[in-house]
């Protein structure tokens, strides 16, 4: 997000285009730019994903550790988000410059995943009250080209889909202490149920309308954006063809926040939320299809891995 | 949690004694039943759609340029605003002034645990939310390249802290004569199932956040009343769109209701300052008279000699 200088005429051009639902690169107001996603790129992590969205490059690694559950939530595991805005991404992040943005992204992600309907922490429980899994979600911003919240949430959901939790083979209860024995077999694991994990959609208000996935030029024409976290549809993430018996869960907002020095009229806020839901539905579907296809290819050993070469 | 090395910290594995009380072992349904009785009245006697009455005063902190104190029954918040100062650690020139907001909980303010002195994640998130809410209200083009410090100290936390903080900050900024576009007011709502609790207390907030109902969560909204603009909207939990829209309508009305109260306080503040100014001028005149008389006396004495 290096400083972009736009003349007032260029800004007017962008505003008029958005008004007509026709942006400078030919997209409509709710179209995303093409993305590339690859999971399982980091071998030492339990799950990982790398997402490229235009100039934005996000790498997410998930580590699993065993921890004691909180005393007031004995049957729930834990998940914690850490965001690292390194100076590689953009010179503005040098030193502690990226700290504010990093804490803002991790707070939004923490809020989005807080509700049990967004991400059920009960699936991370091992022994109620004594042992649970703790997921450390580490998000690295390799390159910053705008629209960070969306890219981070997509990469996180993909990485969680890819996460392998080792299976517990034996449990020794010695008085109050628990001794776990996990399976040695690297193919002995379970996947997490992340179908309903939320996706963040940033809606940038330009003129009277809101656009999804703003480019850097469009971002400089806007003073306020709305970030909506929308829970996913588990159906899209179920490999079985008999998944039609799963009822279509209602789309829920798991977090809403505003970002920027401006303000919104109530009507714009309502329209923006509806717009975000439409965009999130399409995004969630496509992500589900892509992830299922990758998992199928992986099982059939058909997957060619590119890692960081592309 | 980063340890504060300058102070003595308790042993790391100490927990609140409350987890050993009978209240703690209540199931979710029992806790929910506790919140409201058959007549639909909440634990503190309010209706579900009744906000707490707000007590607010300006000029609380003598050392600050402007300050305010807001009390929502048990929630107590103090805000101080200081003069514009140069932005520390800055290289580039900024056309608009900056707001530096900091929210801090007093260590004894929260019912569930002791707050450490080092600002933790929740406080930093509240500071960001407060800044988000205040930025559209302040005329930042009047102090380019300067920053105004808005410091909030929460003395007691019984729910709706962010709403109280935004109200206090708005009052304090006006008291500090910082030019603003409009009066800013804020309110919050907790949703549990199909029930909406306006201006929730801490227990209601806690249950709303951790509920497993279909619709649950907390929404805080701040509004610029005359301009009819929403300056900040934060939601946590899981709600469908109809619920969010309904809550937004309710909050818009609630924020309107607070405005006359704020206006009255500001007018009282201005009138008080005028009276004070007149009083000081009268005093000054009196003293000048006395001094003049003395001077004349001495002059005549000198000339006489």
- Task: In a Gaussian network model over chain B where Cα atoms closer than 10 Å are linked, find which of B:186, B:14, B:53 has the largest mean-square fluctuation.
- Result: B:14
- Based on DSSP, what percent of beta bridges with both residues in the protein assembly as shown are antiparallel, to the nearest 5? 85
- Message: Compute a Gaussian network model of chain A, connecting alpha carbons closer than 10 Å, and tell me which residue from A:181, A:110, A:19 fluctuates the most.
- Response: A:181
- P(r), alpha carbons of the protein assembly as shown - 10 Å bins starting at zero, rounded %: 3, 14, 24, 25, 18, 8, 3, 2, 1, 1, 0, 0
- On a 0 to 90 degree scale, rounded to 10, what angle separates helix B:121-134 from the longest Cα axis of chain B? 60
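Restricting to DSSP H runs of at least four residues, report the calculated mean residue ellipticity at 222 nm for chain A, -39500 (n - 2.57) per run over all residues, nearest 500 deg cm²/dmol. Spell out each step's value before the answer.
Details: 5 runs with 79 residues, N = 310.
Computed mean residue ellipticity for chain A: -8500 deg cm²/dmol.
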- Task: Report Rg(Cα)/(2.2 N^0.38 Å) for chain B, keeping two decimals.
- Result: 1.27
- Note to self, chain B gives a 222 nm [θ] from helices alone (DSSP H runs n ≥ 4, -39500 (n - 2.57) apiece, / all residues, nearest 500) of -12500 deg cm²/dmol
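Taking other Cβ within 10 Å of each residue's Cβ, how do B:212, A:255 sort, fewest first?
Details: B:212 13, A:255 27.
Ordered from fewest to most neighbouring Cβ atoms within 10 Å, B:212, A:255 come out as B:212, A:255.
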- Message: Working only with C-alpha atoms, what are the Rg and Dmax values of the range A:30-301, expressed in angstrom?
- Response: 19.3, 66
- Note on the structure: At 10 °C in a medium of viscosity 1.306 mPa s, the range A:65-126 has a Stokes-Einstein diffusion coefficient, with Rh taken as the Kirkwood radius over alpha carbon pairs, in µm² per second, of 117
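Divide, for the range B:152-213, the radius of gyration over alpha carbons by 2.2 N^0.38 Å, where N is the residue count.
Numbers: Rg = 14.5 Å, N = 62, 2.2 N^0.38 = 10.6 Å.
Dividing the Cα Rg of the range B:152-213 by 2.2 N^0.38 Å gives 1.38.
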- The Kirkwood hydrodynamic radius of the range B:42-170, taken as the inverse of the mean 1/r over all distinct Cα pairs, in Å, comes to 15.8
- Message: Restricting to bridges with both residues inside the range B:23-296, how much of the DSSP beta-bridge set is antiparallel, in percent to the nearest 5?
- Response: 85
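Could you list B:28, A:113 in order of exposure, starting from the residue whose Cβ has the fewest other Cβ atoms within 10 Å? List each step's numbers first, then the result.
Values: B:28 12, A:113 25.
The fewest-first ordering by Cβ neighbours comes to B:28, A:113.
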- Task: Determine, for each peptide in B:231-242, B:213-224, A:275-286, the mean count of other beta carbons within 10 angstrom over its residues, then list the peptides with the highest first.
- Result: B:213-224, B:231-242, A:275-286
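Which whole-number percent is the relative contact order of chain A (Cα, under 8 Å, 6+ apart)?
Values: 598 pairs, mean separation 56.9, N = 310.
Relative contact order here is 18 percent.
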- Message: For a quick size check, give me the Cα extents of the range B:161-305 along its three principal axes, largest first, whole Å.
- Response: 97, 30, 18
- Message: Can you tell me what share of the DSSP beta bridges in chain A is antiparallel? A percent to the nearest 5 is fine.
- Response: 85
- Task: Using just the alpha carbons, could you tell me how many Å³ per residue the convex hull of the range A:14-171 encloses?
- Result: 141
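Hey, fewest Cβ within 10 Å first, where do A:109, B:295 land in order?
Numbers: A:109 25, B:295 10.
Fewest-to-most Cβ neighbours within 10 Å comes out as B:295, A:109.
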- Task: Based on the mean of other Cβ atoms within 10 Å per residue, sort peptides A:139-151, A:55-67, B:140-152 so the most packed one is first.
- Result: A:139-151, A:55-67, B:140-152
- Query: Counting pairs of alpha carbon atoms under 8 Å apart in space and at least six apart in sequence, what relative contact order in percent does chain B give?
  - Reply: 16
- Query: How high is the relative contact order of the range A:137-243, given as a whole-number percent (alpha carbon pairs under 8 Å, six or more residues apart)?
  - Reply: 26
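No lab work stands behind these numbers, since they all come straight from the coordinates. A quick note: this is a predicted structure, and the numbers were derived from the prediction, not measured. Backbone-built Cβ (ideal geometry, glycine too); neighbour counts: all protein chains shown.
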